[in-house]
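This report refers to the structure that appears directly beneath it.
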Amino acid sequence: MCILQGLHHTWLISGMGITLMALSFYLTLENPEALRAELTEQKMSMLYLKSQVNPHFLYNTLDTIRIQAQLDGNAKVAGLLMRLVDFFRLSVKVDRAMVTLDDEMELLEAYMDLMCCRYPELQCEYNIDPELGGAQVPNFILQPIVENSLLHGLKNKGYRGTVTIAAQRAGDGRLEIRVRDTGSGFAPGGKAAVDALLCAYARQPPRLSGNSIGILNVQKRIKLLCGREYGLSYTENETGGVTAHILLPLKEGTE
């Protein structure tokens, strides 16, 4: 079976399903607690495998289309496809829990280039201390936060406004990253709900869908990888919109 599974991704996933069912039957009789832990691990492994097949296929196909657009003399389309290829190429690199701030910003810039092209009245500004480029940050934390600002802040204003991403030393060996938007701000009671969600992150069940999945997952990963004293929080701007604050330990170099 292992040889056959190696020939095709979907056979591999189906084979894991068979293994999962057999394991479930055995562990139910032997150890219910071990069953829950093992099933959770197996489920996440299956989701990981599924997530790897489509993105790789997609960005390879997009790169082929980009090359054809370039050969046809359509520089604008080729440039946009290049940024989309960059985004998928970077986003599927999930083998490292921590990456440099430069790596994280490269992915975010590709995403925002595409969004600003889609919405011409949307602007993005960066204020990143160049000395912090090598700082270690949890992988894929900025794009979900910026996307949340767009969907819950600037969407209501027709995507007219500015998102500003800043990073600086916060003292005491800490790094602060801020994502500020000029959107519509929190709805009545919205900030209290977000604060409660982020505060009770450990009691929140894993989510694969929902309005708060992005910020909740970011909060959980920061707490897990960096410590409970670090994390995500929000403040309201006096001039409108909100600011997300990401507090991290300031570590440099590879891990």
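Observations on the structure shown:
- Test result for Leu248, touching a strand residue (DSSP E or B) at 6+ places or on another chain (Cβ under 9 Å), in a strand (DSSP E or B), under 16 Å from Ala97 (Cα atoms) and modelled with pLDDT of 95 or more: yes
- Selection of helices (runs of 4 or more DSSP H) fully inside the range 71-174 by the criterion of at least 1 residues being in contact with a helix residue (DSSP H, G or I) (Cβ under 8 Å, 6 or more places away or on another chain), small (Gly, Ala, Ser) and at pLDDT 90 or above returns 101-118.
- Extreme residue, surrounded by the most Cβ atoms within 10 Å (Cβ to Cβ), among residues of the range 142-164 that are within 23 Å of Gly227 (Cβ to Cβ) and in contact with a Leu (Cβ under 8 Å, 6 or more places away or on another chain): Leu142
- Unmet criterion (only one of (1) surrounded by 12 or more Cβ atoms within 10 Å (Cβ to Cβ); (2) closer than 30 Å to Glu121 by Cα) for Leu248: (2)
- Residue check, Gln168 in contact (Cβ under 8 Å) with a residue 12 or more places away in the chain and under 20 Å from Met98 (Cβ atoms): yes
- Screening Lys76 against (1) free of Cβ contacts under 8 Å to residues at least 12 places away in the same chain; (2) in contact with a Pro (Cβ under 7 Å, 6 or more places away or on another chain); (3) not acidic (Asp, Glu) leaves a single unmet condition, (2).
- When the range 175-203 is filtered for residues that are surrounded by fewer than 16 Cβ atoms within 10 Å (Cβ to Cβ), assigned to a loop (DSSP other than H, G, I, E, B) and within 22 Å of the chain's Cα centre (by Cα), only Ala200 remains.
The values are calculated or read from the model by the stated rules, or taken from the named source; none is laboratory data. All values derive from a computational prediction rather than experimental measurement. Heads up, the Cβs are rebuilt from the backbone with ideal geometry, glycines too, and the neighbour counts pull from every protein chain shown.
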